[in-house]
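Bear in mind these aren't lab numbers, they're just calculated from the coordinates by the rules spelled out. Treat the numbers as computed from the prediction; the structure is a model and nothing was measured. Every residue, glycine among them, receives a Cβ derived from its backbone with ideal geometry; neighbour counts consider all protein chains shown.
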Amino acid sequence: MSSEERKLIDEKFLRMNFNERIQHFLLFSSFIVLILTGFGLKFPESFWVKWIVFIIGENAFEARGIVHRIASVVMIVASLYHLYYVIFTPSGRQLIRDFFPVKQDVADFRDSMLYLVGKSEEKPLMGRFSYVEKMEYWAVVWGTVIMGGTGTVLWFENTFLKYVGTMGMDVATAIHYYEAILASLAILVWHFYFIFLNPDSFPMNKAWYKGYLTREEMEHEHPLELKRLEGTDETEVTEEIAEEITEAPVDKPLDVTEEQLDKKENEEETKGKKE
Amino acid sequence: MNTHGKHIIFIFSTVMLISALLIIADSYSRISGGSTDVCLSCHEDKDLTMEKNGKKISLFVDPQSHKNSVHSAAECEDCHENYNPDEVPHTKTPQQVKCANCHEGSKPLETNVHAKVSCYDCHTKHDVRSAKEFAKDQTKNCLSCHKNQNISHYSESVHAKNKIGCEGCHGSGHKVKSITKKEVSALCGKCHGEHEKDFKNSIHMATLKRGDVNAPTCTDCHGSHKIIRGKISVESQACLKCHLDEKKFPGEEKGSASFVTHYRTSIHASIDSQGLLEAAGCVDCHGDHMIENRDNPKASTNRARMIETCGKCHKDVVESFKKSKHGQELEKKNVAAPTCTDCHGEHDITSTLISNDFTKLNLTDKCLSCHKDGKIPHKNFKGEEELITGYQNSVHYLALKDGKFEAPTCYQCHGAHEMESADNPASKISKNNIAKTCGQSNCHTSQLNQYTGSIHEVGVSKGNQDAPACNNCHGNHGIVTKNIDNKSQKSKDIVKLCSNCHTSVELVERNDLPTNMGESYLESFHGLATRGGSKEAANCESCHSYHNVRPSTDSLSTINRKNLPETCGKCHPGATEVLFTKKIHLNNPEEDSPGVFWITRFYMFMIFGLIGFMIFHNILDLRRKLQLRKQNAGMKK
């Protein structure tokens, strides 16, 4: 994907293309369903489970199992497609390349922590994917593999019992359960913070359905990527550029108020629609 | 003169004197004896009659009987005064014979019953005998006048057979009297002292003393003259004669005629009508002479004495009743304790086989009439009443209602007369016996077979009060096939049921039961699914079976290693090859399943470490960004 394409119009910077948004949609929708139907099994007496059971009726338990399996299939199919996407499509290849952890991420993490605890006044500048997002991505990959694997064992319990025995089943159950908790908490604490609570994105980072970030958001979260996109060359952001940008006063006060921003956004939206 | 002449003179004169004397004597005799003979010369004719006021009167006098009578010496005119034998009729003014003319010193009549009766009415006219001899035939004499139906039946009476004559009651000779109602009992009591003593204490006597004319005395039941031994006649003619009279006993209450009428439809009466003398009549229950009000503690129909009364005939039944809880409480004078009549009825007593009240369905009502509404305080359980009334929702009762008459009602489990509280080891429903009771033939025999030998049964038979018998799982009265169609709820119920004991810390410790059973199940997939409402997930009984619960070391146990493939295979086809690598209930994960243990540790570290870090990181991030915003806002100003 060329930088031309990514820089759609002046103030919009493509964050997720349509294909990726569909993947993300499939991922998070199946994820939510899996969480509800999964914890619905584990905590059958909790109030929200009771509500759901009340609404669905006497076959809620059976429905829960079926829906959980459907969602898991959706997630696994989406994951497999994602695998295909990152291997065989140019934008996918670029994506996985950008997601790969590099040494710079360790440095960014260190600087970021120093900045956050107040030891440093400089906020490290992030590229297309910061260490936050990389952690997130690989956590999802890890989680999907673990959950998919153990889930399959539990799904076809009569087959797998023969190979792993009751102990194996218990191990699979334990992993599936704890991994679920870990994944849910990670999404809740890590992902949701950056998407919703984060003052720069608040109330929500709309990239997941609009596909683009505003200049302001880019400036805040991905200044290097912004710089790269706005740069003339199509090459990746070099360290020099990164340094250059790092030196620049990024966190200068904003000239626009919130209201103005909203107005601007609305205008952009209408423009987008017209187009 | 010579001596010869003197002798002749003497002999002659002597002969003359004797002749003279004989003549005198003869003439004297001709005057007296002669008159009777004269009379009899006519009156010995049997056909001699006269007419008086148009009536033919026999004038026959049997000369022989007169000769034999005490009056044989008397001449006719000694009694029949002023009779001239030469005239016919002998007198124009016939006068009554006045015995008193001669019998001046004899006892007068002491009573006026026979005031209008002449002496000769009793003593007869011409064949009058001595008093001693006369007394022998007094009864016959009496009956010759007293010919009415009632008195004439005397000859059939037990008194007649035992030669107790009229004088026995009415007095003899001149003391004959009529007997008033008030005197009767005392009079009879002279001979029947025991009975009279009883009668004196009876309600009949008490009523009599109050002056109630309806109150009976001896004769009212036994009859006055036709007194016959045997109760049938007494009952049919005596008791019911009064007690069925609605005028004498009005109303509907106990003691009323309508109440007594029920006797006629009772089993006792119907057997009676078939001629069986063993059947109970009035006196068999109420007593004969000492009939008392039932409130009187001495009365045979008093509640306290009822079992004794019925026990006269129903010996075996009463013996077992005495040992029962009901019987014991009755003995303790517990007013709430039932006696025979409380269940079987009083006059309306009917065979339990045919009575509507004793059909299995109605019997419940009978038992519940006391065991309901808190009438009987229960010491054993709170809410036992609900347990009992719960019978009406039980499968047993519903089956009965559906016409399955083999289904049990109260007595089949509790026993009828031998009803006992569960505390009593001899009781049919004591912990030791309840399985036998439920498993009695035609009932739950196969279940009993399964239960026998199970660890629960072994515990019970060893006297362990914690071990469950049938009722501990199935309930007592309200045995229901609860949620039988709602499999998920049924599953939950079973888990809850087993948990009652197997998750009780106290009980588990006391009996050295495996710990953590409930919790480990509830956290397993089976448990979670059951909790979540699965219809097919395994509950306790799916693996452990229900009646035949045995420890895994028992080769007959469904959870014996050998049998596990079959047990698990019910749900997990192909489970024959399943590797049972560990305990199913994990008591100690570190030992029983190290894999799970270490995974748990790892994830705990990850969750607390990683998520903790994320929270920490994000809080700092938020703080920094908000700080920045504040700064920017300040600079803008």
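Structure shown: which of B:Lys67/B:Lys132; A:Lys42/B:Lys570; B:Lys372/B:Lys401; B:Lys312/B:Lys333; B:Lys190/B:Lys312; B:Lys490/B:Lys570 lie over 27 Å apart, alpha-carbon to alpha-carbon? Table pairs above 27 Å Cα-Cα are B:Lys190/B:Lys312. For the stretch B:496-545, the relative contact order works out to 23 percent when only alpha carbon pairs closer than 8 Å and six or more residues apart are counted. Need the list of lysines near B:Lys136 for cross-linking: C-alpha distance under 18 angstrom, and skip anything on the same chain fewer than eight residues off. Result set, ordered by chain and number: B:Lys125, B:Lys161, B:Lys163, B:Lys175. Here the Karplus relation 6.51 cos²θ - 1.76 cosθ + 1.60, evaluated at θ = phi - 60°, turns the backbone of the stretch A:191-200 into coupling constants of 5, 5, 5, 6, 7, 10, 6, 3, x, 6 Hz, with x for every Gly and Pro.
Taking Cα centre as origin and charging only the Cβ of basic (Lys, Arg, +1) and acidic (Asp, Glu, -1) residues, the dipole magnitude of the protein assembly as shown rounds to 3460 debye. Return the subset of B:Lys56/B:Lys98; A:Lys227/B:Lys630; B:Lys325/B:Lys366 for which the Cα-Cα distance in this structure is over 19 Å, preserving the input order. Beyond 19 Å between Cα atoms: B:Lys56/B:Lys98; A:Lys227/B:Lys630.
So for the protein assembly as shown, Kirkwood radius off the Cα pairs, Stokes-Einstein at 4 °C and 1.567 mPa s: how many µm² s⁻¹? Here the translational diffusion coefficient equals 31 µm²/s.
Among the residues of A:34-44, the average count of other protein chain beta-carbon atoms within 10 Å of the residue beta-carbon is 2. Projecting label points 7 angstrom from Cα along Cα→Cβ for B:Leu628 and B:Lys161 puts them 13.2 nm apart. Tell me the Kirkwood radius of the stretch B:536-637: reciprocal of the mean inverse pair distance over distinct alpha-carbon atoms, in Å. Kirkwood radius, the stretch B:536-637: 18.6 Å. Normalised by residue count, chain B yields a Cα convex hull volume of 380 Å³ per residue.
Against chain B, whose longest principal axis is taken from its Cα atoms, helix B:612-636 shows a tilt of about 60°. Spin-label model, B:His572/A:Val77: points 7 Å from Cα along the beta carbon direction are separated by 3.0 nm. For the stretch A:143-236, applying the loop criterion from DSSP together with a ceiling of 11 other beta carbons within 10 Å to the GluC sites (Glu not before Pro) yields A:Glu234. The mean sequence distance of close C-alpha pairs (under 8 Å, at least 6 residues apart), as a share of the length of the stretch B:483-587, puts its relative contact order at 22 percent. Between rounded, prolate and oblate, where does the stretch B:359-481 land on the alpha carbon gyration tensor, with a ≥ b ≥ c its root eigenvalues, rounded for a/c under 1.5, else prolate if a/b exceeds b/c? It is oblate, given that a/c is not under 1.5 and a/b is not larger than b/c.
For chain B, the longest principal axis of the C-alpha atoms and the axis of helix B:487-502 are separated by about 80°. Taking all Cα-Cα distances within the stretch B:442-513, those exceeding 16 Å account for 59%. Using the Karplus relation 6.51 cos²θ - 1.76 cosθ + 1.60 with θ = phi - 60°, the per-residue 3J(HN,Hα) values for the stretch B:303-311 come to 3, 5, 9, 4, 5, 4, 5, 5, x Hz, with x marking Gly and Pro. With 22 Å as the limit on Cα-Cα distance, the pairs of A:Lys103/A:Lys123; B:Lys182/B:Lys248; B:Lys431/B:Lys462; B:Lys298/B:Lys322; B:Lys332/B:Lys436 that go past it are B:Lys332/B:Lys436. Building the convex hull from the alpha-carbon atoms of the stretch B:54-198 and averaging its projection over directions returns 12.1 nm². Considering only alpha-carbon pairs that sit under 8 angstrom and 6 or more positions apart, the relative contact order computed for chain B is 5 percent.
Considering only B:His326, B:Ser520, A:Thr37, and ranking their Cα positions along the charge dipole of the protein assembly as shown that arises from unit charges at the beta-carbon of Lys, Arg, Asp and Glu, the one farthest toward the positive end is B:His326. Both radii come from the Cα set of the stretch A:36-183: Rg as radius of gyration, Rh as Kirkwood radius; their ratio Rg/Rh reads 1.10. For the stretch B:483-587, a/c is not less than 1.5, where a ≥ b ≥ c are the root eigenvalues of the C-alpha gyration tensor, and a/b does not top b/c. That puts it in the oblate class.
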